[in-house]
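The structure appears right after this line, and notes come after that.
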Amino acid sequence: MLNTLPMPAADALHGVMARYAADRCSEKMDLGVGVYRDATGASPIMRAVLKSERAHIAEQTTKRYVSLQGDEHFLTGLQALTFGNAHKNTLAKIQTVGGTGGIYLGIKLAAIANPNITIMIGTPTWPVHFTICDMLGVKTKAFSYFDKTTQTLQFESICDIITGANPDDMIILHGPCHNPSGQDLSKSQFHQILSLCEKHGVIPLIDAAYYGLGADLEEDLKQLSEALFHVPRAMLVMSCSKAFGLYRERTGALFIKAKTPDECGILQKTIEKVARNTYSMPPAHGGAVVGRILTDPELTAEWKAELNQMRQRLEGVRAELIKAARGDARMAGVATQKGIFSLLPISPEDVDKMASDHAIYMPSSGRINIAGFKVGDADRFCDALSRL
Ligand SMILES: Cc1ncc(COP(=O)(O)O)c(C=O)c1O
């Protein structure tokens, strides 16, 4: 039977990366892959991370398993950073294999609790939201989150899907810096959505991969913490790939807010069982590195300052783009959208022309990585756009 499998559809981004790699133009621009880059185009290891790694390696004496739940300092540190002292007895938590692993475990747990569950997912989104559900055999229902052509958030469509949901269905919401649009819900819209979730018994799963790159770290985390205050039950997945630059170390956490401490105890043991039967223990290195940063005030301060600089760079690039666009309506959303991405209202044919005529590469959706712009790239990009 293994010989009857069809070839899976190629990942759209891999095609863009291959085309970019083959291009010999010295001014080529990679706006595709979603990693943070500095103004020179590099993705260096954060200084606080490097210091923490060195100290960890110097002190490490064993490679024994950590625990099913993961690194204690990592989990308590991330919990304290995000929630302070709140929810102490009603938050189940587990270290996960990146944010992706957290989403996988969260959806798997939800589907065990409710085998008839439907997961509601706003489009466009990070495609893995849909494909994880497909892999798990879980039903999904798409709704419109953002209209790329008009660059507008589809608030009514979000409210409608929740209003029409069954109790114990789940909705995936993005934390700060929506991928791919950069278009976030306002604070008041976020609260309205959560109130609707509570009213209709819908469980929100909040996917936070870009905290610290939106308003600022404190504001971004406050939004996540308040969200969990707002509803009796919810899940929060926090990736450490972007905020700590730990992409390849596969570091993340899943927090599950329960209504009561008893419920929390059951959720804790059940999520550990799900992890045990998926990959067993999480990888140790990234968790240890983040745990050390978050329990050392000096390292914490250094990390926060670096993250703040990353956010400021993204804001600076957005301002440069708006200036260079000279009123081009297609770039208007870039001014107010947040984080690493914006989704331009251009066609796949235009995306192709940007690559073939100007050596500027992005996926066919028109998503651009704001961190992909090096010094001076904004003018060349907007000039190319005006020639389409
Ligand atoms: C919206 C969103 N969620 C989650 C992730 C998960 O990232 P990771 O598995 O690397 O932590 C990403 C990464 O691109 C993302 O964009």
Per its Cα gyration tensor (rounded if a/c is under 1.5, else prolate when a/b beats b/c, else oblate), segment 252-321 is best filed as prolate
Ordering of 338-350, 298-310, 280-292, 13-25 by packing [mean C-beta count within 10 Å, highest first]: 280-292, 338-350, 298-310, 13-25
Cα-based shape type of segment 9-132, given that a ≥ b ≥ c are square roots of the gyration tensor eigenvalues and the cut on a/c is 1.5: oblate
Cβ-based exposure ranking for 54, 250, 64, in which fewest neighbours within 10 Å come first: 64, 54, 250
Simple spin-label model, 7 Å along Cα-to-Cβ: residue 80 to residue 19 in nm? 4.9 nm
Sequence order, segment 34-49: Karplus ³J(HN,Hα) from phi using 6.51 cos²θ - 1.76 cosθ + 1.60, θ = phi - 60°, Hz rounded, Gly and Pro as x, gives x, 10, 6, 10, 7, 5, 9, x, 8, 10, x, 6, 5, 4, 5, 5
If you build the convex hull over the alpha carbons only and average its shadow over all orientations, what do you get for segment 8-66? Give it in nm² to one decimal. 7.8 nm²
Segment 125-158 and segment 194-252: distance between their alpha carbon centers, rounded to Å: 17 Å
Based on Cβ point charges of +1 for Lys and Arg and -1 for Asp and Glu, what charge dipole magnitude is obtained for segment 65-295 about its Cα centre, in debye rounded to the nearest 20? 520 debye
Neighbour-count ranking for 26, 144, 365, 52 (other C-beta within 10 angstrom, fewest to most) reads 26, 144, 365, 52
Taking θ as phi - 60°, what are the ³J(HN,Hα) couplings along segment 362-374 by the Karplus curve (6.51, -1.76, 1.60), each to the nearest whole Hz, with x for Gly and Pro? 8, x, 4, 5, x, 6, 10, 8, 4, 6, x, 7, 8
Rounded to the nearest 500, what is the chain's calculated 222 nm mean residue ellipticity when only DSSP H runs of at least 4 contribute -39500 (n - 2.57) each, over all residues? -14500 deg cm²/dmol
For the pair residue 123 and residue 295, how long in nm is the line joining their label points, each one 7 Å along Cα→Cβ? 4.6 nm
Please list, in chain and number order, the residues 5+ apart from residue 139 or on another chain whose amide H is under 5 Å from its amide H, with Hs placed from the backbone. 119
Burial ordering of 184, 296, fewest other beta-carbon atoms within 10 Å first: 296, 184
For the cross-link pairs 141/374; 51/242; 108/374; 139/353, which exceed 29 Å when the distance is taken from alpha carbon to alpha carbon? 141/374; 108/374; 139/353
Segment 87-105 to segment 1-15: how many Å between their Cα centroids? 30 Å
Phi-based couplings in Hz for segment 195-201 (Karplus 6.51, -1.76, 1.60; Gly and Pro marked x): 5, 5, 4, 4, 4, 9, x
Indicate the gyration tensor shape class of segment 135-188 (rounded, prolate or oblate), computed on the Cα atoms with a ≥ b ≥ c the square roots of the eigenvalues: a/c under 1.5 is rounded; otherwise a/b larger than b/c is prolate and the rest oblate. prolate
Would you pull out the residues with amide H under 5 Å of residue 234's amide H, same chain only if 5 or more places away, H placed 1.01 Å from N? 257
For residue 29, distant residues with modelled amide H under 5 Å away: 360, 361
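Values in this text are rule-based calculations from the coordinates and carry no lab data. Source: prediction; values computed, not measured. A quick note on method: Cβ atoms are made from the backbone with ideal geometry, for glycine too, and the neighbour counts reach across all protein chains shown.
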